[in-house]
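Chemist: Below you will find the structure I want to go over with you.
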Amino acid sequence: MKCFLLLVVVVVAAACGGKVPQTRYYQLAAPTTAARGDGAVIVLEQLATDAGYDDERIVYRTTPYRMDYYDYHRWSASPGVVVGNYLEQALERSGRFRAVIREVSDQAAIVLGGRVVALEEIDRSKARWVGRIVIELTAADPRTNEILWTEQFEEIEPLAVQSPEGLAQAITKAMSRIVAKAAPQIADHADRQAALHAAEPAMARGK
């Protein structure tokens, strides 16, 4: 009798609990444009992520004071990796660089690094939702580690649909605007450093 009652309890508990929702994963869409460049070679380091956002779970806000997470909707990797992968592809296809590599080499003119400061859905009302991304980028000389340039970029893009996939679409659009603003500045510093590095052997011979 006791075994029968235990079996009933287990069955009822399973029925009440229901099926666990399937976890869904999201990423940013690859840039659609592609142009070959003859500029400098740059290194892109993995981007860091600020605490609070350093989680594969997608962040959403209903107030400025509280952060919540979707339990079953996640980025395909940490935000630093997701944003860094998009940045690598977008810079490669911008037509401003000969190559965007991940490891420092003698060919590299600059090292580009930075961090994801914020990556989130903001629910401003029951009918208005936006995606927000804030990233900080820094360019350094690979030989001296001197910081040549740093800037923070913030973009907000409305969501067509309030869903994690809608957020991924919005952040993709926002990132395309960030790259459009950042790429020319990064290319200017990279070309300048490439010219300086090329002139160093000649200057050394002159001595």
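Chemist: Between the helical axis of 164-206 and the dominant principal axis of the chain, each derived from Cα atoms, what acute angle in degrees is found, rounded to the nearest 10?
Modeler: The angle comes out near 20 degrees.
Chemist: Normalising by the residue count of the chain, find the relative contact order in percent from Cα pairs under 8 Å and 6+ residues apart.
Modeler: Here the relative contact order equals 22 percent.
Chemist: Another question, then. Would you mind ranking L148, L91 by Cβ crowding within 10 Å, fewest neighbours first?
Modeler: Ordered by Cβ neighbours within 10 Å, fewest first: L148, L91.
Chemist: Which whole-number percent gives the relative contact order of segment 85-207, counting Cα pairs below 8 Å spaced six or more residues apart?
Modeler: 23
Chemist: Can you find, among P31, G18, N85, the residue farthest towards the positive end of the dipole of the chain? Put +1 on the C-beta of Lys and Arg, -1 on that of Asp and Glu.
Modeler: G18
Chemist: Something else: Which ³J(HN,Hα) values, rounded to whole Hz and listed in residue order, are derived for segment 42-53 from phi using the Karplus coefficients 6.51, -1.76 and 1.60 in 6.51 cos²θ - 1.76 cosθ + 1.60 with θ = phi - 60°, glycine and proline given as x?
Modeler: Result, ordered by residue: 10, 9, 10, 7, 5, 6, 7, 9, 5, 4, x, 10 Hz.
Chemist: Still on this structure, please answer the following. Please report I133, I171 as a ranked list, fewest other C-beta atoms within 10 angstrom at the top and most at the bottom. Don't skip to the answer; put the middle values down first.
Modeler: Values: I133 25, I171 28.
Fewest-to-most Cβ neighbours within 10 Å comes out as I133, I171.
Chemist: When a/c reaches 1.5 or more, the comparison of a/b and b/c decides; with that in mind, is segment 34-206 rounded, prolate or oblate per its Cα gyration tensor?
Modeler: prolate
Computed from the coordinates by the stated procedures, all read-outs in this text should not be read as laboratory data. None of the values given here were measured: they were computed from a predicted structure. Positions of Cβ are backbone-derived with ideal geometry, glycine not excepted, and every protein chain shown enters the neighbour counts.
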